[in-house]
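Data first, discussion second: the structure below is written as structure tokens.
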């Protein structure tokens, strides 16, 4: 499966987990992880979907991005914008990045995310085999021995 095919699968299968206003251009940057982590991200989506369905909060939380940064899997989840009416009847759309107190759903999603990221820290982003954090010329990658040696050869570090 190619990266584009994987993103299309995620986009269709877990459409409720992503902002429906995302454009095709947005989708180019929403999921930018290697194939070794695809099963982990799919697992995250599956668990998040289950949490949201159980708590009747589908459409209230969106995955904003899944990417690699400093060799670590990063998954960003935020509440969906919602309409709030104040005491004077004025209505506005609110996008609370950090609600005052975490909800049970937010805490559960955070726990699942921590577990998935923990697994990714020991999984090669390229192939899914056991791996670890490696540094090559200041670049951080989580990879297996084979991909680490390939990266070293490509950089001329050996």
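Assorted remarks:
- Number of residues in the stretch 123-148 that are surrounded by fewer than 14 Cβ atoms within 10 Å (Cβ to Cβ) and farther than 20 Å from residue 74 by Cα equals 3.
- Taken over the stretch 109-122, the criterion of being over 14 Å from residue 75 (Cβ atoms) and crowded, with 18+ Cβ neighbours inside 10 Å is satisfied by no residue.
Okay, residues lined up against (1) farther than 26 Å from residue 147 by Cα; (2) modelled with pLDDT under 95; (3) in a helix (DSSP H, G or I):
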{"position": "6", "(1), (2), (3)": "no, no, yes"}
{"position": "28", "(1), (2), (3)": "no, yes, yes"}
{"position": "38", "(1), (2), (3)": "no, no, yes"}
{"position": "43", "(1), (2), (3)": "no, no, yes"}
{"position": "75", "(1), (2), (3)": "no, no, no"}
{"position": "78", "(1), (2), (3)": "yes, yes, no"}
{"position": "97", "(1), (2), (3)": "yes, yes, no"}
{"position": "116", "(1), (2), (3)": "no, no, yes"}
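- All positions within the stretch 45-69 that are in contact with a strand residue (DSSP E or B) (Cβ under 6 Å, 6 or more places away or on another chain) and closer than 27 Å to residue 144 by Cβ: 63, 65, 66, 67
- Against the test of being in contact (Cβ under 8 Å) with a residue 12 or more places away in the chain, assigned to a loop (DSSP other than H, G, I, E, B) and buried (at least 17 other Cβ atoms within 10 Å of the Cβ), the options 57, 68 yield a single qualifying residue, 57.
The values are calculated or read from the model by the stated rules, or taken from the named source; none is laboratory data. Here the structure is a predicted model, which is why all the values come from computation and not from measurement. Ideal geometry is used to build each Cβ from the backbone, glycine not excepted, and the neighbour counts take in all protein chains shown.
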